[in-house]
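First up is the structure itself, then whatever we jot down about it.
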Amino acid sequence: MTYEKFKEKFKKSNSFDIYWSYFISIFLLGIGLFFLYLLNFTDWYELSKVTTKNIAPIWSIYFFCGLLILIGLYGFWRIPKTFGITIIKSDFSIDEKKQIVNQIINDFDLNEVEREEQYLHLIYYGRYSSSFVIYLFYDSNNFYMNVHHAIIMNNGGFTDFGASKRVANKIKSKILANN
């Protein structure tokens, strides 16, 4: 397997997740903008204020709309980073890299989902019952890795609050310690 085939396989296995994450971002952005539109260009708030005697102050609705819009925009910023591939330079031979990968699997108690030559698809169970999907490939020049948060029925997600980056940094530091 080559790096190009690894990228193709990675994109193919995560294509639904990427589209699903973008759909969620667009949905949240749309809901936030829709309520802003209702609040500013229709009599929606005035009607609810008359019938329910001002159930919520207008600033709380603006805050809610702003929060949805910010989460949607954050998704557009974060999704390309979530599904990006980290490259770690290494001059070791393929056999030495295989030993390093096996050591990492043992140290972090990773579960193998798939293994082909120099390609591995792994699951890491972290604290608080959170799990992470790890794609790892190595060739004669580098290690290539992607780590992202696994969510039920979706291996994507952009609201992991940096947990996938911390797991990737743990694995990266273990690889660099062996260099």
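Only the coordinates and a few stated rules stand behind these numbers; no lab work does. Computed from a predicted model, the values in this text were never measured in an experiment. Cβ atoms come from the backbone with ideal geometry, glycine included; neighbour counts cover every protein chain shown.
Taking each of LYS11/LYS174; LYS7/LYS81; LYS12/LYS174 in turn, the alpha-carbon distance tops 23 angstrom for LYS11/LYS174; LYS12/LYS174. The calculated FRET efficiency for the pair SER93 and PHE23, based on their C-beta separation and a Förster distance of 41 Å, comes to about 0.40. Long hydrophobic helices in the chain: the complete DSSP H runs spanning 15 Å or more by Cα along their own axis with mean Kyte-Doolittle hydropathy of at least -1.0 are 3-41, 58-82, 94-108, 163-178. Full extension of the chain between TYR3 and ARG127 yields a length gain of 41.5 nm, computed as 0.36 nm times the residue separation minus the alpha carbon distance.
The simple spin-label model puts a point 7 Å past each Cα toward its Cβ; for GLU114 and ASN102 those points are separated by 2.3 nm.
When the Cα convex hull of the chain is projected onto planes of every orientation, the mean area is 12.6 nm². Net length available on complete extension from THR86 to PHE16 is 23.1 nm, with 0.36 nm assigned per residue and the Cα-Cα distance removed. When the alpha carbon gyration tensor of the stretch 85-178 is reduced to an equivalent ellipsoid, its three semi-axes come out at 23, 13, 12 angstrom, largest first. Legend: calculated FRET efficiency, PHE64 to ASN169, from the Cβ-Cβ distance at R0 = 30 Å, rounded to 0.05, equals 0.30.
Helix content alone sets the calculated 222 nm mean residue ellipticity of the chain: runs of n ≥ 4 DSSP H residues at -39500 (n - 2.57) each, divided across all residues, give -20000 deg cm²/dmol. Annotation for PHE41 and TYR74: the two label points, set 7 Å from Cα along the Cα-Cβ direction, are 2.7 nm apart.
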